[in-house]
1. Read through the list (1) in a helix (DSSP H, G or I); (2) modelled with pLDDT of 85 or more; (3) closer than 30 Å to residue 142 by Cα, then give the number of the only condition that residue 69 fails.
2. For the stretch 176-185, does any single residue satisfy the condition of being touching a helix residue (DSSP H, G or I) at 6+ places or on another chain (Cβ under 8 Å), closer than 22 Å to residue 103 by Cα and at pLDDT below 95?
3. I need a count of the residues in the stretch 32-57 that are loosely packed, with under 15 Cβ neighbours inside 10 Å, at pLDDT below 85 and part of a loop (DSSP other than H, G, I, E, B).
4. So which residues in the stretch 154-163 are touching a residue at least 12 places away in the same chain (Cβ under 8 Å) and either out of contact with any strand residue (DSSP E or B) (no Cβ under 8 Å at 6 or more places or on another chain) or crowded, with 20+ Cβ neighbours inside 10 Å (or both), if there are any at all?
5. The conditions are (1) part of a loop (DSSP other than H, G, I, E, B); (2) surrounded by fewer than 16 Cβ atoms within 10 Å (Cβ to Cβ); (3) in contact with a strand residue (DSSP E or B) (Cβ under 9 Å, 6 or more places away or on another chain), and residue 135 fails exactly one of them. Which is it?
6. Pull out all pairs, ordered by first then second residue, where Cβ-Cβ is under 8 Å, the residues are six or more apart or on different chains, the first lies in the stretch 124-138 and is outside the structural domain of residue 190 (by TED's automatic domain parsing), and the second is part of a helix (DSSP H, G or I).
7. What residue, among those in the stretch 144-153 that are under 22 Å from residue 15 (Cβ atoms) and in contact with a helix residue (DSSP H, G or I) (Cβ under 7 Å, 6 or more places away or on another chain), is surrounded by the most Cβ atoms within 10 Å (Cβ to Cβ)?
């Protein structure tokens with residue numbers, strides 16, 4: 001077994017891990033050899049490296065996280081099979097990172113909200129938002145396949161890697177299997193402000209995970225017409241959505257199981273855009 005194969009085999013069973021721990025686990029010495037292999041895998045898009053707390057040794061180091069859907073045990077791009085009727089029966093399909101412009105989604109969302117403002121489009125719950133925005137995206141991106149509630153397993157991802165399973169809207173190439181964008185949506189209608197805000201944070205974490213897993217872009221779009229979602233006191237979780245501070249780091253669940261928490265890797269400033277009356281929206285791009 002080559003050093004590359006040893007490193008990949010160890011990553012497959014270890015989960016996120018630093019170079020030192022990976023060197024010990026894989027028996028690849030010296031540690032610099034592991035470092036070189038992991039940096040090459042990162043350049044190839046098969047590995048994410050970020051400074052975090054290592055789950056194994058508990059020290060702040062550069063952590064290696066395998067993007068498992070993009071590689072097999074030899075480090076080559078993995079071929080996945082699907083029974084989706086869009087593809088010929090049992091035809092091998094390679095899902096790879098696509099290309100998507102944030103300017104495109106920003107422009108389309110602004111146009112969509114404009115039609116909400118004039119009454120040409122009406123949304124009245126989260127399902128109607130998903131449905132109407134999906135139609136709008138389909139008309140705006142003719143060369144892409146727009147689908148709803150796709151399970152992460154369809155794209156070859158391991159469910160255990162994610163805080164959620166179903167993606168609200170996915171955009172990928174119609175005649176290719178290129179993962180362009182994943183979108184999570186929220187349109188809260190029944191108060192429960194801290195609970196809903198925590199759910200928003202969970203969507204952001206999910207979007208980050210989808211970005212790391214292979215989507216070129218991942219977004220969270222929130223529409224809100226209750227002023228208490230974007231105005232009011234800014235202590236605790238409220239501050240993330242009411243302009244008090246950026247959304248980043250550890251987010252503790254405000255009610256229920258107090259031991260539950262999320263860790264937002266990126267750093268996001270939530271900006272609200274006016275639609276009509278009290279209705280506003282924000283677009284968060286995961287990094």
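The values are calculated or read from the model by the stated rules, or taken from the named source; none is laboratory data. Since the model is a prediction, treat every value here as computed from it, not as a measurement. Positions of Cβ are generated from backbone atoms using ideal geometry, with glycine treated the same way; all protein chains shown enter the neighbour counts.
1. It is condition (2) that residue 69 fails.
2. Checking the stretch 176-185: at least one residue is touching a helix residue (DSSP H, G or I) at 6+ places or on another chain (Cβ under 8 Å), closer than 22 Å to residue 103 by Cα and at pLDDT below 95.
3. 3
4. Let us first name the residues in the stretch 154-163 that are touching a residue at least 12 places away in the same chain (Cβ under 8 Å), namely 154-158, 161-163.
Across the stretch 154-163, the qualifying residues are 154, 155, 156, 157, 158, 161, 162.
5. Going through the list (1) part of a loop (DSSP other than H, G, I, E, B); (2) surrounded by fewer than 16 Cβ atoms within 10 Å (Cβ to Cβ); (3) in contact with a strand residue (DSSP E or B) (Cβ under 9 Å, 6 or more places away or on another chain), residue 135 breaks only (1).
6. So the pair list comes out empty.
7. So the first thing to find is which residues in the stretch 144-153 are under 22 Å from residue 15 (Cβ atoms), and the list is 151-153.
Within this subset, residues satisfying the condition of being in contact with a helix residue (DSSP H, G or I) (Cβ under 7 Å, 6 or more places away or on another chain) are 152-153.
Numbers: 152: 23, 153: 12.
By that ranking, first place goes to 152.
One line per residue, one yes/no per condition, for (1) in contact with a helix residue (DSSP H, G or I) (Cβ under 6 Å, 6 or more places away or on another chain); (2) touching a residue at least 12 places away in the same chain (Cβ under 8 Å); (3) not in a helix (DSSP H, G or I):
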{"residue": "201", "(1), (2), (3)": "no, yes, no"}
{"residue": "207", "(1), (2), (3)": "no, yes, no"}
{"residue": "228", "(1), (2), (3)": "yes, yes, no"}
{"residue": "244", "(1), (2), (3)": "no, no, yes"}
